[in-house]
Amino acid sequence: MDLKLKGKTAIVTGGSAGIGLAIVQALTAEGVSVTVPGRNKTKLDKSLAGLSNVSTVTADVATAEGAQSLIQQLPDTDILINNLGIYEPKAFTDITDADWLNIFEANVLSGVRLSRHYFPGMLKRNDGRVIFISSESGVMTPAEMIHYGVTKSSQLAISRGLAELTKGTAVTVNTVLPGPTRSEGIVEFLEKISSTPNPTPEQAEREFFEKHRSSSLLQRLIESKEIADLVAFLASPLSSATNGAALRAEGGLLRSIV
């Protein structure tokens, strides 16, 4: 299907691995020119090698200085994908103020700062897409990482609030809620919380869904491409009637029907 995205520009934060990289691949395949900011130029170049229509900016957009550096180097974009995010399992009583501030700045303020700059330009042109990559944890906060769930709930609120400002325009703001998605980081996470000593990746994944995500209908990790395909559609003109939405791609883990 032609998503009619040829000639568009996009910024994808957290685009050097996992869901972010899959989004970059999906967008470039549709003819989008994508910019990926990141802290480590060597890692960026290695991750994005072989992809056409991709440029990089060395900037840590989890910080105010990094976000400003990106904005100065790339003052405008058609599509903004706020995908940057960090997570860690940690007992609630062990989450320090520094932990809270660090995860909030990376997961929430990175998207706030970039949206604050790029969103007004989209409204002025009467064209654009802002997409936040949240998580099912924004609806069903996990006990093992409450601080992460809070940041993902915050993204839902920001996205819906921005969407209210698009009334009568061709700009849309939406959020995607992936479920547990395969990546190097999540495999390590599942092994860390497994009750089996030195589990294989398969054992850790099976136990995770049996004990921690039993409501999942998929009962497996989601592949990054499965999320990226939805994001590419939302970034396209074909999704023009979808605005202010929280679109679930969590494998049926959430039991509510809305």
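The values are calculated or read from the model by the stated rules, or taken from the named source; none is laboratory data. Only a predicted model underlies this, so the values are computations on that prediction, with no experimental measurement involved. Note that each Cβ is placed from the backbone with ideal geometry, even for glycine, and that neighbours are counted across all protein chains shown.
Yes or no: the range 245-252 includes at least one residue that is closer than 30 Å to residue 9 by Cα and out of contact with any Leu (no Cβ under 6 Å at 6 or more places or on another chain). Yes, that holds for at least one residue. If you filter the range 208-232 down to residues that are of a type in the set (Asp, Glu) and touching a strand residue (DSSP E or B) at 6+ places or on another chain (Cβ under 8 Å), you find that the one that is nearest to residue 249 (Cα to Cα) is 226. Could you please find all residues in the range 189-237 being in contact (Cβ under 8 Å) with a residue 60 or more places away in the chain, more than 26 Å from residue 257 (Cα to Cα) and touching a helix residue (DSSP H, G or I) at 6+ places or on another chain (Cβ under 8 Å)? Listed by number, the list holds a single entry, 193. Number of residues in the range 32-69 that are exposed (fewer than 14 other Cβ atoms within 10 Å of the Cβ) and touching a Pro at 6+ places or on another chain (Cβ under 6 Å): the value is 0.
Taking every residue in the range 96-116 that is closer than 17 Å to residue 138 by Cα and pairing it with any residue that is outside any loop (DSSP other than H, G, I, E, B) and not aromatic (Phe, Trp, Tyr), at least 6 positions away or on another chain, the pairs with Cβ-Cβ distances below 6 Å are 100/147; 103/147; 103/151; 104/151; 107/151; 108/151; 108/154; 111/82. Scanning the range 82-98 for residues that are among the aliphatic types (A, V, I, L, M) and surrounded by 21 or more Cβ atoms within 10 Å (Cβ to Cβ) yields a single hit, 84. Within the range 189-225, the set of residues being crowded, with 18+ Cβ neighbours inside 10 Å and under 30 Å from residue 171 (Cβ atoms) comprises 222, 224. Among residues of the range 99-141 being of a type in the set (Lys, Arg) and surrounded by 21 or more Cβ atoms within 10 Å (Cβ to Cβ), the one that is nearest to residue 182 (Cα to Cα) is 129.
Residues of the range 143-174 that are in a helix (DSSP H, G or I), touching a residue at least 40 places away in the same chain (Cβ under 8 Å) and either of a type in the set (Lys, Arg) or closer than 23 Å to residue 239 by Cα (or both): 152, 155, 156, 158, 159, 160, 162, 163, 164.
Within this structure, residue 78 fails the test of being surrounded by fewer than 21 Cβ atoms within 10 Å (Cβ to Cβ), within 20 Å of residue 106 (Cβ to Cβ) and of a type in the set (D, E, K, R).
Restricted to helices (runs of 4 or more DSSP H) entirely inside the range 48-131, those with at least 2 residues that are closer than 17 Å to residue 153 by Cβ and assigned by TED's automatic domain parsing to the domain that holds residue 31 are 97-104, 110-125.
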